[in-house]
Structure formats: structure tokens, C-alpha cells
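The values are calculated or read from the model by the stated rules, or taken from the named source; none is laboratory data. Note that this is a predicted model, so its numbers are computed, not measured. Here the Cβ positions follow ideal geometry from the backbone for every residue, glycine too, while neighbour counts run over all protein chains shown. Side chains included, ligands, DNA and RNA excluded: accessible areas come from the protein's heavy atoms. Shrake-Rupley method; radii C 1.70, N 1.55, O 1.52, S 1.80 Å.
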Amino acid sequence: MYRRKFAKETQNMNIIITDDYEQMSARAAEIAVRTVTENPNAVLGLATGTTPLGLYKRLIADRAQNGTDYSAVRTVNLDEYMGLPKTHEQSYAYFMRKNLFDALGIAPENTNIEDGTATDEQAECARYDATLEKLPRDFQLLGLGSNGHIAFNEPNTPFGSTTHVVTLADSTVKDNSRLFSQISEVPRKAFTMGLKSIMQAKKILVLASGANKADAVFGMVRGEVTESLPASVLQLHPDCTLIVDKAAASKL
């Protein structure tokens, strides 16, 4: 595992390249645990999908071994599928309870996520923006889509966006279909935290693994800052770390 720092006028991003997914997850867990031990009242911005699962398993193991206390931690999640209630096995609310919150002892009232069943989309987006305003994040975890999306902010999402409803790109639906029994079950719309909201976090941690993410990683780190590749906006963040395995870093 080794570090690189690419510096240019718009960027000072810390890059940690690891041998593989397991090493990537372990390094991310070190950062997350340190955030909580240094600030037991931390607000954590969290992500779903397969990429953070290795990190989450290590947080659970650390709590069991070291007793790291999450009782005062509050969380906000990036996104939620539209049309899925929080009890649905493919909802992100369910995913977080099953894969992290219950095992860490984080009380439901300390967790926040968009309501996938909200009928008034505009009102739900405004409600979530107000929640984010009240809970400034100490740490925001992000995955990276193969098309450069972060959260569900697809290419050409405005950098000034706050919480909004998005129609998912075909590539995103394909990426997420591995979590469903068939691709036709994947919702086509979702609520998502906007790019402006993501950039308001004090510290951002991005994880990327696999050769299918190599183009997106290259664009995020070395490409033009452009709305056509949403992750490129992270070049402008003052404290952004990318942890990436060798396969995903192959084009850097």
C-alpha cells in the first residue's frame, strides 16, 4: 500500500493505492474508527452498495474487539430508491440496518435517510436538506460509479445541486442489479443528496475497487472538473481522500 498526492491548481487530493479490496476496506476502517474515537458525537455521512461492505464488516469487528462506542454518533445517508418502504429488503434503509446500524448499536432515531415512499417529492427533498443543515457531517463516505457518479448524481448533474430526484442511468441500473434477483426489479428513480450537499462535509472518503472503475478514477483525479463526470468536483474539496485498489488505479 502506498500514497500518491496529485497537486494542481484546483486539486490537492490524497490518493492511497492498495493491493486489493480487502486492504482498501481495512485502510478505510482505520480512518472511520479514528473519526469516531476522536469525536464520539461525530456525524457520519454513509453510503450503500457492495463497495463499503468490507469497511462495514471491519467496523463491526472493531466494536466487538475494542468496544468503540457509537451510541452518540448520528448518521445521514446519501440516497434511497423511490417507491421502496424502509422495510423492503432492497431499500437502503434496510441495507444499513442489516449491514451496519444494528451491529454497531446505532439507535434508529440517530439515523437519517430519505423516505422512499414520500408522495410529495419536492417536500421530501426540502425536508432532507433541512436535516443536512442541522447535521453538518464530520465524515462523508462515497463510492464511485463506473460512469463517474457519486451518490446517485449522474453525469451532467449541476454542481450546485442539493437533494433531488434522479432517473438512474442505464449503467447505474446495471451496476446495482447484482443486488437484485433480476435487473427488471431495480428501481429507475431515487432520492439523492446533491453535489453541493456532499461538498459541505468536512472530510470526504472515496472508495473504488476493480478495473471497471479505472476510467472513472482517472477522470476524478486527473480529468477536467466537469459536470459530465460528477466525481471530478471532489478535486475542489479541501480534505478528500481516495482509497483505491491497484485495478481501479491502473490508469493513473
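How many residues are among the basic types (Lys, Arg) and surrounded by 21 or more Cβ atoms within 10 Å (Cβ to Cβ) if we restrict to the range 195-235? Matching residues across the range 195-235 total 1. Checking each residue in the range 61-94 for being more than 21 Å from Gly194 (Cβ to Cβ) and either surrounded by 21 or more Cβ atoms within 10 Å (Cβ to Cβ) or charged (D, E, K, R) (or both) picks out Asp62, Arg63, Asp69, Tyr70, Val73, Lys86, Glu89. Listed here are the helices (runs of 4 or more DSSP H) enclosed by the range 12-109 that have at least 3 residues being in contact with a helix residue (DSSP H, G or I) (Cβ under 8 Å, 6 or more places away or on another chain), polar (S, T, N, Q) and closer than 23 Å to Glu154 by Cβ, and there are none. Once the range 165-186 is narrowed to residues that are charged (D, E, K, R) and more than 17 Å from the chain's Cα centre (by Cα), the residue that is least open to solvent (accessible area, probe 1.4 Å) is Glu185. Out of the range 117-152, which residues are in contact with a Lys or Arg (Cβ under 7 Å, 6 or more places away or on another chain) and among the small types (Gly, Ala, Ser)? Within the range 117-152, just Ser146 meets the criteria. Is there a residue being part of a loop (DSSP other than H, G, I, E, B) and within 30 Å of Ala247 (Cα to Cα) anywhere in the range 167-174? Within the range 167-174 (the criterion being part of a loop (DSSP other than H, G, I, E, B) and within 30 Å of Ala247 (Cα to Cα)), the answer is yes, since at least one residue qualifies. If only residues of the range 151-164 that are touching a residue at least 40 places away in the same chain (Cβ under 8 Å) and more than 10 Å from Asp79 (Cβ to Cβ) are counted, the one that is most open to solvent (accessible area, probe 1.4 Å) is Asn156.
Annotation note: Cβ proximity below 6 Å between a residue of the range 216-245 that is touching a residue at least 12 places away in the same chain (Cβ under 8 Å) and of a type in the set (Asp, Glu) and a residue that is open to solvent by 20 Å² or more (accessible area, probe 1.4 Å) and part of a helix (DSSP H, G or I) (sequence gap 6+ or interchain) occurs for Asp245/Tyr21.
Within the range 114-150, the set of residues being in a loop (DSSP other than H, G, I, E, B), open to solvent by less than 10 Å² (accessible area, probe 1.4 Å) and under 13 Å from Gly194 (Cβ atoms) comprises just one member, Glu114. For the range 47-57, does any single residue satisfy the condition of being within 29 Å of Ser209 (Cα to Cα), surrounded by fewer than 15 Cβ atoms within 10 Å (Cβ to Cβ) and touching a residue at least 24 places away in the same chain (Cβ under 8 Å)? Among the residues of the range 47-57, at least one is within 29 Å of Ser209 (Cα to Cα), surrounded by fewer than 15 Cβ atoms within 10 Å (Cβ to Cβ) and touching a residue at least 24 places away in the same chain (Cβ under 8 Å), which makes the answer yes.
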